[in-house]
1. Select from region 171-186 the residues that are in a loop (DSSP other than H, G, I, E, B) and at pLDDT 90 or above and write down the one among them that is least open to solvent (accessible area, probe 1.4 Å).
2. Go through region 206-225 and give me each residue that's open to solvent by less than 10 Å² (accessible area, probe 1.4 Å) and assigned to a helix (DSSP H, G or I).
3. State the number of residues belonging to region 156-176 that are under 13 Å from R192 (Cα atoms) and without any contact (Cβ under 8 Å) to a residue 40 or more places away in the chain.
4. Has region 232-245 got any residue that is outside any loop (DSSP other than H, G, I, E, B), under 22 Å from Q128 (Cβ atoms) and open to solvent by less than 90 Å² (accessible area, probe 1.4 Å)?
5. Does region 47-77 hold any residues that are in a loop (DSSP other than H, G, I, E, B), open to solvent by 10 Å² or more (accessible area, probe 1.4 Å) and either in contact with a strand residue (DSSP E or B) (Cβ under 9 Å, 6 or more places away or on another chain) or at pLDDT 95 or above (or both), and which are they?
6. If we keep just the residues of region 20-37 that are open to solvent by 20 Å² or more (accessible area, probe 1.4 Å) and not in a strand (DSSP E or B), which is nearest to T106 (Cα to Cα)?
7. Specify the residue that is farthest from G30 (Cα to Cα); the eligible residues are those in region 78-129 that are of a type in the set (K, R) and surrounded by fewer than 17 Cβ atoms within 10 Å (Cβ to Cβ).
8. Checking G7 against (1) open to solvent by 20 Å² or more (accessible area, probe 1.4 Å); (2) under 26 Å from S89 (Cβ atoms), which single condition isn't satisfied?
Amino acid sequence: MKFKTDGLVIKSNNVGENDRAVVILTRDKGLISAFVSGGRSIKGKNSAATALITYSSFEITKKNDTYRITDSEVHKSFFSFSNDIVKFSLAQYICELCLSIVPYETEGESEDFLRLGLNALHFIEKGQLNLSIIKAVVELRMMVIAGLMPDLTACRVCECEDSFPFLLDLTGGEILCERCKALGEHKGEFVRLDKSTLFAMRHIAYCDFNKIFSFSLPESSASYLSFVTEKYLLAQTDKRFKTLEFLHSL
């Protein structure tokens with residue numbers, strides 16, 4: 001079987017002296033693991049298009065359970081910021097999130113993940129948006145796409161919408177006002193949401209895709225937003241991300 005698709009290379013491993021194995025976040029087939037003959041060779045026709053964090057079109061042949069890239073063309077390479085360790089580490093974290101959350105070989109369920117990743121990489125490259133905001137948008141919106149969207153509309157007990165601050169139940173994915181939290185016995189891990197943080201999270205979770213990066217926050221507020229979305233993602237996925245740990249070490 002032969003087919004064409006486009007996607008972002010989110011993982012690349014060397015195989016032998018000249019070959020390469022990659023994982024591609026495709027537009028229409030989820031994640032695909034594929035083999036690239038001559039992928040490590042400078043003269044290899046598929047070398048550039050299968051480099052890490054490169055968005056390309058691919059012609060792929062499937063035989064039994066093995067995918068092989070037979071032809072490709074680069075659309076966009078994001079290696080322009082590879083000499084900036086913070087930006088590159090954030091890009092690698094985004095790739096690791098996709099590897100952990102996006103399903104393999106599914107029909108029509110990955111376009112939003114790809115759009116989110118490409119938009120995030122674009123803003124990282126341009127340097128026009130706070131990196132903490134980019135990280136937060138990716139973390140929370142990825143949870144939304146994966147079906148793990150928190151309910152941020154109102155307190156789950158009294159249904160008030162503007163009694164700040166609220167408390168986010170990281171495992172339950174709902175919010176409580178401080179009064180209801182104090183009056184009841186609510187188990188779980190909670191994190192505090194001030195007004196700017198909750199409004200930003202509502203924007204990321206509920207707004208049209210084309211507008212998810214269209215907001216700004218002061219540096220301290222952006223950092224706290226990133227802290228909250230990270231805590232929520234980690235609680236929902238119950239995973240450790242090596243790239244995130246490295247990002248925090250910088």
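The values are calculated or read from the model by the stated rules, or taken from the named source; none is laboratory data. These numbers were taken from a predicted model, which means no experiment stands behind them. Neighbour counts are summed over all protein chains in view; Cβ atoms, including those assigned to glycine, are modelled from backbone coordinates with ideal geometry. Just the protein is used for accessible areas: all its heavy atoms, side chains included, with ligands, DNA and RNA removed. Shrake-Rupley method; radii C 1.70, N 1.55, O 1.52, S 1.80 Å.
1. Restricting attention to region 171-186, the residues satisfying the condition of being in a loop (DSSP other than H, G, I, E, B) are 171-173, 184-186.
If we keep only those that are at pLDDT 90 or above too, we end up with 171-173.
Numbers: T171: 90, G172: 45, G173: 5 Å².
By that ranking, first place goes to G173.
2. Selection gives A222, L225.
3. Of the residues in that region, 9 qualify.
4. The answer is no; no qualifying residue exists.
5. The first filter runs over region 47-77 and keeps only residues in a loop (DSSP other than H, G, I, E, B), leaving 47-53, 64-65.
Going one step further and asking which of them are open to solvent by 10 Å² or more (accessible area, probe 1.4 Å), we end up with 47-48, 51-52, 64-65.
Of everything in region 47-77, those that are in a loop (DSSP other than H, G, I, E, B), open to solvent by 10 Å² or more (accessible area, probe 1.4 Å) and either in contact with a strand residue (DSSP E or B) (Cβ under 9 Å, 6 or more places away or on another chain) or at pLDDT 95 or above (or both) turn out to be S47, A48, A51, L52.
6. K29
7. K126
8. Tallying (1) open to solvent by 20 Å² or more (accessible area, probe 1.4 Å); (2) under 26 Å from S89 (Cβ atoms), G7 fails exactly one: (1).
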